[in-house]
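In what follows, a structure is listed as structure tokens, so that the remarks can point back to it.
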Amino acid sequence: MRQLYIDGEWVEADSNDGIEVDSPIDGSVLDEVPDGSAGDVRRAVEAARRAERELAAMTVFERAAVLDEVTEYFEAHEDEIAEGITREEGKPLEESYEETEYVIASSDDYAHDAIRLFGDVVPSEFRGRFAYTQREPYGPCAVISPWNFPLEIPGGSIYSAIATGNPVVFKPAEETPLTAYHVARAFDQSSLPDGAFNLVTGAGDTGASLVDHRDVRLIAFTGSTAVGQEIAKTAAERNAQCLLEMGGKDPILVLDDADVEHAAESIVVGSTANAGQVCCGTERVITTEGVHDELVEAITEKTEALQVGDPLDEATEIGPMVSERIQRTAVEHVESAVEAGATLRTGGDTDGRYYTPAVLDDVTERMDIAREETFGPVTPVIRAEGYDDAIEIANRSRYGLQAAIFTDSLERAHDAANRLQAGGVFVNETNNYWERLLPFGGYGESGSGGRYGSKWHLESMTQVKAVMMNYKND
Ligand code: NAD
């Protein structure tokens, strides 16, 4: 059984209750981690609270330098971390390296932007007064993350929290806690004060104890909408700040004037990367009549050509799904859509946690697959009666993470960028897209409380203080 990392020490958990971590590749047990209790959480939050002043007193340059030290660890252990991500999460090795590279590269952005998180000098409406603003940390921050990007998703929140002076208690997903041990080791060998970073492993109950702790002032949660909404309710009772990144049902619109080949390629990447287990994965394709048949043909052909298999094998493009629970939703959505009249063009077979990517035509808005998050390698295609109808279908969703449109018309591109209700809109590019310096987050029930991504993330993790000096004393 592994240990917890609390107050700068590797410590035993309160009890012997553990969680076995298995590999989606073949179900083999990789390790066992503690199922952190409320007592473990309390110890970690108390340590974070004790570290609060010391961390806030460090200059931002000193805190930014800690990110460099952490990154040095990630660079030195990159192969081990990337292979570990593939073994516990199941994504192809190349995608795991994309994740480690992203985290390594973005550390400089977070450090750079934290140093430049200036306040404003505000012109006073009265004479003899000098007014300005400064950004300050909230205090102990819970970072609660999902399994689909076990380094990248918590990485951004942990970098921003530390750089802006919020001590962290990190609760990784129960499916992929082993990557989190690298994060703890990286901080352990850095010059960060003891208690400013803590790791408590466990499942949902451990996360709930953390959210419940009155000294946790900031919660950076990424995961399902249902859990995020529960967290928001608990946090509201003591007005703790929440940065929530949640589920999606993201659309790609393809209009008659689109480059069909390019659209099909982008859709297939969008639907199947990480076996479809991406919050901004392509969950709906909405197409106008003139392009429909050719597009479905092209998507089907490209989807059939994908190599499904062992993610440690270089030729593999689609690995297994992380768990049977997640796979079941994809299977059920496809089966119920077919029963309700959708046409399965390809895929939909299971073998252990492997799932052959599926393409579904003739999907209607009433089907679950058009409304609820599938989180699997499935491409449902919905017909629209024209451009305006396509926009309306796209917007008829409680979610709003990212959307995309394929068109040759500059006018339509701009119009769609304004009308699509999503935190990000991409033109002639997959909606399953992010960049280091772009904000990332959702409209509607996909997110709230700010944005991920360098300076946006840092801003979301700080509160603004107004200061006024009456220097004439009148
Ligand atoms: P999940 O909500 O079940 O779990 C996420 C994390 O929350 C885990 O660490 C889990 O242990 C913890 N948790 C569970 N119940 C809790 C509770 N009551 N209180 C506190 N913490 C609790 O999500 P999942 O199924 O593991 O991940 C998939 C979901 O995450 C999808 O809906 C996906 O869209 C979403 N996601 C969103 C983004 C984004 O940036 N918007 C990114 C990745 C994943």
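The values are calculated or read from the model by the stated rules, or taken from the named source; none is laboratory data. If you're wondering where the values come from, they're calculated on a predicted model, not measured in any experiment. For neighbour counting, all protein chains shown are included, and Cβ atoms are generated from backbone atoms with ideal geometry for every residue, glycine included. Keep in mind that these areas ignore ligands, DNA and RNA; they rest on the heavy atoms of the full protein, side chains included. Shrake-Rupley method; radii C 1.70, N 1.55, O 1.52, S 1.80 Å.
Of interest is the spacing of the C-alpha centroids, which for segment 344-404 and segment 249-320 amounts to 11 Å. The mean sequence separation of alpha-carbon pairs under 8 Å and at least six residues apart, normalised by the residue count of the chain, gives a relative contact order of 19 percent.
By a 1.4 Å probe calculation restricted to protein chains, residue 312 has an accessible surface near 50 Å², given to the nearest 10. With a cap of 10 neighbouring Cβ atoms within 10 Å, and only residues DSSP puts in a loop, list the trypsin sites (Lys or Arg not before Pro) found in segment 83-132. Within segment 83-132, the qualifying trypsin sites (Lys or Arg not before Pro) (loop, at most 10 other Cβ atoms within 10 Å) are 116, 127. Using alpha carbons only, the radius of gyration of segment 251-427 set against its Kirkwood radius gives Rg/Rh = 0.95.
Here the accessible area is traced with a 1.4 Å probe on the protein chains. For the chain, carbon and sulfur cover 45 percent of it. Per residue, the solvent-accessible area of segment 163-252 (1.4 Å probe, heavy atoms of protein chains only, all protein chains present) comes to 29 Å².
Accessible-area rank, largest first, for 31, 474: 474, 31, with all protein chains present and a 1.4 angstrom probe. Per-residue surface analysis assigns residue 434 an accessible area of about 80 Å², computed on protein heavy atoms at 1.4 Å probe radius. Counted over the chain with a bin width of 20 Å, the fraction of Cα pairs per bin, in whole percents, is 24, 53, 21, 2.
In segment 251-427, Cα pairs under 8 Å separated by at least six residues give a relative contact order of 28 percent.
Once a ≥ b ≥ c are taken as the square roots of the eigenvalues of the Cα gyration tensor of segment 1-68, is the result rounded (a/c under 1.5), prolate (a/b larger than b/c) or oblate (a/b not larger than b/c)? Cα axes put segment 1-68 in the oblate bin.
Take every Cα pair under 8 Å whose residues are at least 6 apart in sequence, average their separation, divide by the length of segment 1-149, and the relative contact order is 19 percent. Other residues whose C-beta falls under 9 angstrom from the C-beta of residue 135 contribute a net charge of -1, scoring Lys and Arg +1 and Asp and Glu -1. Looking at segment 281-378, the GluC sites (Glu not before Pro) that sit in a DSSP loop and have at most 14 other Cβ atoms within 10 Å of their own Cβ are 314, 365. With every protein chain in place and a 1.4 angstrom probe, the accessible-area ranking of 197, 375, 118, largest first, reads 118, 375, 197. If the chain linking residue 77 and residue 229 were pulled fully straight, counting 0.36 nm for each residue of separation and taking away their Cα-Cα distance, it would gain 51.1 nm. Considering only the other residues whose Cβ falls under 13 Å of the Cβ of residue 227, what net charge follows from Lys and Arg at +1 and Asp and Glu at -1? Result for the neighbourhood of residue 227: -4. Positive-end ranking of 199, 262, 134 along the dipole of the chain, with charges on Cβ about the Cα centre, is headed by 134.
Dividing the alpha-carbon radius of gyration of segment 154-312 by the rule-of-thumb value 2.2 N^0.38 Å gives 1.38. Taking Cβ atoms as reference points and 11 Å as the exclusive limit, the residues near residue 341 contribute a net charge of -2, counting Lys and Arg as +1 and Asp and Glu as -1.
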